[in-house]
C-alpha cells in the first residue's frame, strides 16, 4: 500500500475573527509562508485584492462555501486559488487543491478506463439497437458469461424475453427522450446462486450536440436493503392481520397465512393440547415428549399437501423432533434436511420422512410461541420451493411475528376462559327448568353473544303467584362478562323475592330500581359507580279474569298475538331504566283472550348488524304469525328469522307465553255478610262445591281454613267480604275484604283466647299469604289436591 501525502492539498484553519489558527505543509507549498509567519495573523493580510462581500456571504452560509480568491505569494506574485470553506463551530477550514508533480501517475483516461473495468458496480453499454457493446468485469461475473460471449446480444437474448421486457422498454425510453431512468428489479441472474435485488440506473450516452448514441446501465446490489424493507412490510402486515378476532384457531391460521409465501413455503402452528383447559399453563420451557394439537397450517400449494397431520388432530412429538427440541430449549432452531434431529425424527415418523422427500424440503425453522412467560405452542417454517436456507435474519423476523401472534393467542385464550366462566354463571342463574303453570304455556330461548363477545346479563323468568296467577319477567343488565352475569343473578333473585310479596308491577319495579341504585353505589369508586344498570319488563297474568298487568323499566314492549288477529306491540308507558331513580313506573292493564301469545324479549333480538329496531319488529311480527306446531316451533322460527347464522352481537332472551283461561266451573265466588252467623253458611257453601268437584277428601281441611279466614275478616276487617274457591292444580281458598291491614302470624300463649287462627291455617295449607288489592286485601291459602304428589318446588 502506497504512502498518502497529507500535503496533497493546502489546509488552513481560521477563527471566527479571521485569525489564522492552522497552516499545513500544503499551504506552505502553495504560498511559500512557513507556519511561524502566518499563524496568529489576520487572514486578510494574505489577500492580493479586496474581496467585498465575500466574508458576509461566507458568514451567511451554514456549512460550506466555495469560490475563487486571489492571494499573495510570499515572493509577491498573485495566485488564484479555488477555495472550499467548511464551517467548524465558530471558525472555518479552508481547503485548496495542489497540482500533482508525480510524473509517473497514470493519465485521466487511463484512470477512467480502469474505473470502468474494475468498478465494483456492474456496468454495461448498449448501442441504439439495444445490442450489448461492452461490460465491465463485475457485470460479466453477475451474468456468468465472458464479455466476448455477450457482445452483440440484446438483453432479451441473455436473460429471456419475459424477464427483460420491462428493462428494454425503459432503455428505449432513454434512447428516445435522452432522460435518465431508474428502476428496481429482483431477478436471479445466470452468475448468481440466489435472487438479488438490484437498483438499475439507465443513462443516455450523448455527443456534445445532444445526440444519443447509446445507453449505459449501472446496477447496484440492494439485496440487504430490499430484504430489510420486506421484513418491515411483513411485520407491518402481521400487526394488522394477526389477531383480528378473539378466536384461538383463527389467530393461529392468520399467523400461518401471513408467513406464506413471503417467509416460508409451508407453515404449521401446533398449540398445547391443554390450552383450552381451565388450569394455568406452567411457565418456562417444556420437557419432552410434548402433546400438541394442529391449530393451523398454510402452504404455497392448495390444500397443504405437505401436512402429515390434519387440522384439529393431536400428535405426540418426541424429544428428537424440531417441535419438541425448540420448546425444550426455549429458543428458535434452524435445521437442514440432513440434520441428525430431522433424520432421527423422520425415522420415527415415516409419513413425515415421505413428505420431506416428496416435496424436497431442505430447511426447517422451529419457533416457540410464548407469551407472558408461558409456552403456548410452536410454529414450524419450512422451505422447499424457495431457494436458500433460513438465516438468522429470518429467525429474528419469525420471532417477532410469532411473539405478536402469541400475545393474540394468549388474549384469545384468556378471553375464552372468562367468557366460558361468565356463560356458565349466566346459565346457572337462569331457570334450569321453566315452570309450566296452568295459567300459561311457555317456551323460551337464551342465546349468548359471541363467539367473540363476553356473555351479557339477559334473563327471563316464569313465577307462579297466588290465585293461579303467573308473573312473566324478562330483563337485560348493562354490560358483559362475569360482573353482568352476577348482577343479573342478584336482580333475578330480587324479582322472585318481591314477587312472593305479591307486589303489583309498578311497585315491584320501584323496589328493583332502588336495589340497582344500591348496587351501583357498592361499586366503590367514582369511575365505576353508576355503571350498574338494567332494563326489565314485569307482567302478571290472571287466568280467572283474563287480565294482564304489566310495567316496563326502559325495556321494549312485548308483542301481543291474539287468536286470529294481527301482531300488535303493547303501547305501555315505558319508564326509565333501572338505576336512574326518582321517576315513577306506570302499569298498563290488558284483557287477553284465551290462546293469546305474549312475546317478551331483549334488545338483542331486534337490533344488531345492519338492521334497525323497526325492521326487527316487522320480522318478529312475521315470524309470530307463521303456522307452527307448538310454541317451541315458534321460538325456533323467530330465531331463524331475526338472528344471523354467524352469531349475535348481543345476548338474546326470548320468552313466549300462550294464555289459558280458567274454566268458570272451576271457580266459585260468594259474597259474605259481615255477620259471625254467616261463617257456618260459608262452610256449607264450600262443602257443597267441593262435593260437586269430587274433592270430598278435602272438605274437612278446607272447612277449617275457610272458617278461620272468614271469621278473621268479619272480626278484624271491613266489608265487603268475598270468599272465592279456585280448583286448579291445587285448591286455593281466598277471602277478600276492604281493609288494608295485613294479618301477621303469631304464636298464641297458653292462656290466650285468640291468635291461633292463622297458625292453624299455615299448618293446614301448603302455602298461604296476603296481597294488597285496589279495594283492600286478599288472604289466600293453597292446599294440595288429595292424591297429588308432594310439592318439590
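A few comments on the model shown:
- Given (1) surrounded by fewer than 17 Cβ atoms within 10 Å (Cβ to Cβ); (2) farther than 22 Å from residue 46 by Cα; (3) modelled with pLDDT under 90, number of the condition residue 138 does not satisfy: (1)
- Residues within segment 458-502 that are surrounded by 18 or more Cβ atoms within 10 Å (Cβ to Cβ), assigned to a loop (DSSP other than H, G, I, E, B) and modelled with pLDDT under 90, tallied: 2
- Members of segment 667-687 found to be loosely packed, with under 14 Cβ neighbours inside 10 Å, without any contact (Cβ under 8 Å) to a residue 40 or more places away in the chain and either part of a helix (DSSP H, G or I) or touching a strand residue (DSSP E or B) at 6+ places or on another chain (Cβ under 6 Å) (or both), listed by number: 680, 684
- Within segment 211-242, being surrounded by fewer than 17 Cβ atoms within 10 Å (Cβ to Cβ), over 29 Å from residue 168 (Cα atoms) and touching a residue at least 24 places away in the same chain (Cβ under 8 Å) holds for 235, 239.
- Single unsatisfied condition, residue 604 versus (1) outside the structural domain of residue 569 (by TED's automatic domain parsing); (2) more than 30 Å from residue 728 (Cβ to Cβ): (1)
- Residue 584 falls short on exactly one of the conditions (1) modelled with pLDDT of 90 or more; (2) not in a strand (DSSP E or B), and that condition is (1).
- Residue within segment 748-768 that is assigned to a strand (DSSP E or B) and at pLDDT 75 or above present: yes
- Restricting attention to segment 699-741, the residues being under 16 Å from residue 676 (Cβ atoms), in a helix (DSSP H, G or I) and in contact (Cβ under 8 Å) with a residue 40 or more places away in the chain number 6.
- Residue that is modelled with the lowest pLDDT [pool: residues in segment 636-646 that are part of a loop (DSSP other than H, G, I, E, B) and loosely packed, with under 15 Cβ neighbours inside 10 Å]: 646
- Residue under evaluation residue 257, criteria (1) in contact with a helix residue (DSSP H, G or I) (Cβ under 6 Å, 6 or more places away or on another chain); (2) touching a residue at least 40 places away in the same chain (Cβ under 8 Å), criterion not met: (1)
- Residue within segment 38-49 that is surrounded by fewer than 11 Cβ atoms within 10 Å (Cβ to Cβ), out of contact with any helix residue (DSSP H, G or I) (no Cβ under 9 Å at 6 or more places or on another chain) and modelled with pLDDT under 85 present: yes
- Filter result for residue 528 (surrounded by fewer than 24 Cβ atoms within 10 Å (Cβ to Cβ), assigned by TED's automatic domain parsing to the domain that holds residue 557 and at pLDDT 90 or above): no
The values are calculated or read from the model by the stated rules, or taken from the named source; none is laboratory data. Keep in mind the model is a prediction, meaning the values are calculated, not measured. Cβ coordinates were reconstructed from backbone atoms using ideal geometry, including for glycine residues, and neighbour counts include every protein chain displayed.
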